[in-house]
Every structure is written in structure tokens, then in C-alpha cells.
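See below for the structure under consideration.
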Amino acid sequence: FQEQVIEVAMAISGFTAGQAESLRRAMSRKRSREEMEKLRAAFFEGARTKGLVDDATAAVIFEKIVAFAAFGFPKAHAAAMAETAGKLAWVKRYHPVEFYCSWLNEWPFGFYSPGVIVNQARRNGIDVRGLDVNRSHGACRIEGEAIRLGYNYVRGIGEATRQRLDDEAQHGAYVSLWDFWRRARIERTPIERLIRLGAFAFTGLHERELLWQLGLFYKPLGRQLPLALPYESDLVPLVEMTDGERITTDLLFTEGAITTRGHIMDLALDALHEGVTPSHIVDRMEHGVPVTVAGFVAVRQAPETAKGFVFHTLEDHYGLINVITKPHLVAKYQRIIEHAGAIIVHGHIERQERVVNVVTERMEPLPL
């Protein structure tokens, strides 16, 4: 592609590597034709000096280079993306657990957030399991036919702490929160976050009981270890977290809004009604049909090349919904577009073969 243009310029016109690179850069500029025209005289002069082709042939070659500048960049990207898409589609089809586990470990990579990736894996029948200090590692791991979330998705746990936990895990399973703290020797904040994320469920105690227990024996690193576990009399009755509180905790303390203890849309069930159409029904609706959809904002885009259009990808329990908002409505709903974490969209179906979009007519925030 562009490298071949460099070779042509050097072979036909005797361009130096520097001159050929100037031609390549001119091709990549916004006003590529204007920039390349500045090099036309040098190209012809070099071709005459080299003597391999006549002026007419040199003119044809230069015009082909100019024409190539108009489509070479997207052509190169299309070829690379097609090859990548083909390979990933094969892996996803025949090795889905490995596909999703690798995708999570390579993030940030691709278009979607980790939370969306996890939900998509679940919809494809893959169990994504939460953190467990006796099963999790620094990165996500395959566990049978499931994926075990890794410490790399806990906010505030850096690489050094992840390595420390991986090293200590080789010495056997933890039998209690006390045993974990005594052996792992990490700061209090990461321990509290692991507790809140359910990583000590094996103890039989719920999150608030474990946080209370940690407060009874925790000492800053470098201080002498306490000599004994807290007595049962030190524990007080505490109210267990609700399902909604656990989902919210997952979203707060994981990178990329991952929740393994529910779905983010569980927080909006009270605000939904029978008039909202789920994504798997939207996919089957005909062009022009009115529809109301709702979901949390998985992706929001307003590229400069879109001429004022705004694009949302919403996610509900069943899948993804593409939403298009035209420029004349963007200003009216700008606050919702920029700040709402979840939205309700009233609009109509736009269908082009298998591609289905919802075109916005009205929108409102969806309280979570």
C-alpha cells in the first residue's frame, strides 16, 4: 500500500528515501491532492533523469498515485480489519470461553467496556464468576467452562498487589479473613474492596460482618500482628446487603462497570413498564414501526464526521440497541445525552436489511 508507493517513486523517479517519505506523508494529509501536486515537478524531473519511462507513462503513474491517495488509507484498514474480524469470529465460534477471557485480559481493546463484554458472554451461555480470594488470580482465568474474574478488575489494586496475591496463593487456600490478612499483608483499602465485592463469601459471613471483623484486628502494615482472632462476642448483628446494593458495589469498585451479581438494569426495574420493548424484540421489528426502548448507555459517540448526529448503544437484559439522534434533537436533549447513565428513547425503527436502529423522537433519563 503506502510502502509500495514509496518503492514506485524510488524506482521510477529515483527519489531518495526522504523524498519518497515526503510523498507518502502528502498522501496522508487532509488536503492530500494539493500537497502531492507540489511534488509533481520533482517526480517528472526524476523520471526523465532515470530514463526508465517516457513522460506520458510517468504522468499515468503519478495520476495513479494521486488517485490511490483517495482510497488507499481506508482500503488498507479494511483489509486489516477484515482479517482480524475473520480470525476473531472463528475463535469466538469454536473457543468462546477462551475468546471472552482473552478479550477481558486484553482490555482496553475494542469498542465495548468490560461490563458489556461480561454481559455478552453470559448471553452466550458462559458463566462469569465473581472474585474469590481462593480462586481468583491477577488476571481473569478459565475455570472449567466458566471465567473467573481477576484482581485486574478491582479498582485500587495495582500490579504489585496483584503479584503479591498470586505469590501467596501458591502456599494454599485461605481459611478465613484473618488468615488472608495475616498472609497477604496488603493495605486495608484493597481488602475492604475485596470484601465488598464478595471475594470472602467462602467464610459464610456477609460483607458487613466481614468489614466489622476486619476493623477488630486490622493493624497498619509494619506493626506487630495481633496474637489472636476476635472473640465471637466482638461481632454484632448487621443487616445483610440487598441485591441492589451488591450490584451497585460491583459497579463502583470494578473497572469497566462489571457486575457478576446481577445486571445493571436490575436497578431500573421499578422505572420500566410494559410499553418498553426489549432488545431481542426490537431486532425483529419492521421499518417505520414506533417503539420505546430503554437501557444503560454502553457506548455514546458524537464523531466530527457525523455532521451533528449522536449515536448511542444501549444495553438491556437481552442485548444491545442502536439509537440514532438527529442534529435538530441533540441540542434539546443535550443534558440527557451528555450526563444520563441510562435512558428511555421513544422513536421509530429504521431497518436496512439486518441492521436495525431506533431513530429518536423523544428521550428521557432512566433513573438507576
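The values are calculated or read from the model by the stated rules, or taken from the named source; none is laboratory data. If you're wondering where the values come from, they're calculated on a predicted model, not measured in any experiment. Counting neighbours? That spans all protein chains shown, and the Cβs are built from the backbone with ideal geometry, glycine included. Note: areas computed on protein heavy atoms with side chains; ligands, DNA, RNA excluded. Shrake-Rupley method; radii C 1.70, N 1.55, O 1.52, S 1.80 Å.
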Which fully enclosed helices (runs of 4 or more DSSP H) of region 273-368 have 2 or more residues being touching a residue at least 40 places away in the same chain (Cβ under 8 Å)?
279-282
Could you please find all residues in region 186-202 being charged (D, E, K, R) and in a loop (DSSP other than H, G, I, E, B)?
Glu187
Only one of Gly144, Gly158 is modelled with pLDDT under 95 and open to solvent by 40 Å² or more (accessible area, probe 1.4 Å); which?
Gly144
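Here's the yes/no breakdown for (1) in contact with a Phe, Trp or Tyr (Cβ under 6 Å, 6 or more places away or on another chain); (2) modelled with pLDDT of 95 or more; (3) open to solvent by less than 10 Å² (accessible area, probe 1.4 Å); (4) polar (S, T, N, Q):
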{"position": "Lys307", "(1), (2), (3), (4)": "no, no, no, no"}
{"position": "Tyr318", "(1), (2), (3), (4)": "no, no, no, no"}
{"position": "Val330", "(1), (2), (3), (4)": "no, no, no, no"}
{"position": "Gln334", "(1), (2), (3), (4)": "no, no, no, yes"}
{"position": "Glu338", "(1), (2), (3), (4)": "no, no, no, no"}
{"position": "His348", "(1), (2), (3), (4)": "no, yes, no, no"}
{"position": "Glu353", "(1), (2), (3), (4)": "no, no, no, no"}
{"position": "Val359", "(1), (2), (3), (4)": "no, yes, yes, no"}
Give me the pairs, please: first residue somewhere in region 79-93 and part of a helix (DSSP H, G or I), second residue anywhere and open to solvent by less than 60 Å² (accessible area, probe 1.4 Å), beta-carbon distance under 7 Å, and either six or more positions apart or on two chains.
Val91/Phe99; Lys92/Phe99
Please work out if Thr277 is among the hydroxyl-bearing types (Ser, Thr, Tyr), closer than 30 Å to Val128 by Cβ and open to solvent by less than 40 Å² (accessible area, probe 1.4 Å).
yes
Looking at region 284-304 only, could you name the residues that are over 22 Å from the mean Cα position of the chain (by Cα) and exposed (fewer than 15 other Cβ atoms within 10 Å of the Cβ)?
Arg284, Glu286, His287, Gly288, Val289, Pro290
It is to be established whether one or more residues within region 242-254 are of a type in the set (Lys, Arg) and either loosely packed, with under 14 Cβ neighbours inside 10 Å or modelled with pLDDT under 90 (or both).
no
